[in-house]
Amino acid sequence: GNSVTQMEGPVTLSEEAFLTINCTYTATGYPSLFWYVQYPGEGLQLLLKATKADDKGSNKGFEATYRKETTSFHLEKGSVQVSDSAVYFCAQHQETSGSRLTFGEGTQLTVNP
Amino acid sequence: DVKVTQSSRYLVKRTGEKVFLECVQDMDHENMFWYRQDPGLGLRLIYFSYDVKMKEKGDIPEGYSVSREKKERFSLILESASTNQTSMYLCASSPTRFVSPQHFGDGTRLSIL
């Protein structure tokens, strides 16, 4: 079946450090891929997305590239800020599953000043 | 911007009570979803709906039911609340059956005593 695996957290970084959160997926076809972010006390917000191989999604300084050959969609940011502290979820969507999303477990990021 | 509104941010109920969680979206989306979020388990889909009066089971429907009498409103019902249903509940909506992403509400933190 379809699944998403994220790197285990929590992740703690200092301000201005480089961030990578790994995400790999298993799928029978070619899904669309997403990163969602959940700030404390809030629901999930879409951070970025990619719909086909080699697409790069980007937003707020975050980037992720859809790598079909490694079935990965790693999230990166060159210089994190304290305000980036949140839980990050990787997700996939396949049309064969209707509108259902399959989420990873989430990765808690804490950025210290 | 799409707005998904959950009726309560925090709710405390007693074991055995019938509990209603309400969700309203304002963008005429066809699809609506209920998830629960627990530490280490990510988001798990409880029920979803593609249209008024239609519902489909997600991955963990036991102990829950749903109601969708109007397109904009999707209710989650805990028939007889139990302590293992203490969790964060998230509602989401998306435009059509094959289009993502999903838009989330801010969540309801439910405690069953």
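Most simply put, the protein assembly as shown has about 90% antiparallel DSSP beta bridges, counting only bridges with both residues inside it. Hydrodynamic analysis of the protein assembly as shown uses the Kirkwood radius over alpha carbon pairs. Inserted into Stokes-Einstein at 10 °C and 1.306 mPa s, it gives a translational diffusion coefficient of 88 µm²/s. Hey, with R₀ at 35 Å, roughly what FRET efficiency would B:Ser67 and A:Thr5 work out to, going by the Cβ-Cβ distance, to 0.05? Given R0 = 35 Å and the Cβ-Cβ separation, E is 0.55.
Only protein atoms count toward the accessible area here, which uses a 1.4 Å probe; on segment B:9-113, the carbon and sulfur part of that area reaches 51 percent. Taken along its principal axes, the alpha carbon cloud of segment A:1-106 reaches lengths of 40, 29, 22 Å, longest axis first.
Across segment B:63-97, the residues whose backbone nitrogen lies under 13 Å from the label position 7 Å along the beta-carbon direction of B:Arg14 are B:81.
When +1 charges are put on Lys and Arg Cβ atoms and -1 charges on Asp and Glu Cβ atoms, the dipole computed for segment A:32-88 relative to its Cα centre reaches about 120 debye. Legend: residues B:Met32, A:Met7, sorted from most to least accessible area (1.4 Å probe; ligands, DNA and RNA excluded), read A:Met7, B:Met32. Take each residue in B:33-44, count the other chain C-beta atoms within 10 Å of its C-beta, and the mean is 4. Both chains summed, the buried accessible area for B and A stands near 1700 Å², from protein heavy atoms and a 1.4 Å probe. Using Cβ point charges alone (K and R +1, D and E -1), the dipole size of the protein assembly as shown about the Cα centre works out to roughly 540 debye.
Its Cα centre serving as origin, chain B has a Cβ charge dipole (Lys and Arg +1, Asp and Glu -1) of approximately 240 debye. Applying the criteria of a DSSP loop state and at most 11 other Cβ atoms within 10 Å to the chymotrypsin sites (Phe, Trp or Tyr not before Pro) of segment A:1-61 yields A:Phe18. In the full protein context, the protein assembly as shown carries 48 Å² of accessible surface per residue, based on a 1.4 Å probe and ignoring ligands, DNA and RNA.
Evaluating kT/(6 pi eta Rh) at 20 °C and 1.002 mPa s, with the Kirkwood radius of chain B over Cα pairs in the Stokes-Einstein relation, gives 154 µm² s⁻¹. Go from 0 up to the bin containing the longest alpha carbon distance in segment A:1-63, width 10 Å each, and give me the % of pairs per bin. Each 10 Å bin holds this share of Cα pairs: 16, 48, 31, 5. The slack in the chain from A:Glu42 to A:Thr96, taken as 0.36 nm per residue of separation less the alpha-carbon distance, amounts to 16.5 nm.
The values are calculated or read from the model by the stated rules, or taken from the named source; none is laboratory data. Bear in mind the structure is a predicted one, so any value in this text is a computation, not a measurement. Heads up, the Cβs are rebuilt from the backbone with ideal geometry, glycines too, and the neighbour counts pull from every protein chain shown. Accessible surface is based on the protein model in full, side chains and every heavy atom, while ligands, DNA and RNA are left aside. Shrake-Rupley method; radii C 1.70, N 1.55, O 1.52, S 1.80 Å.
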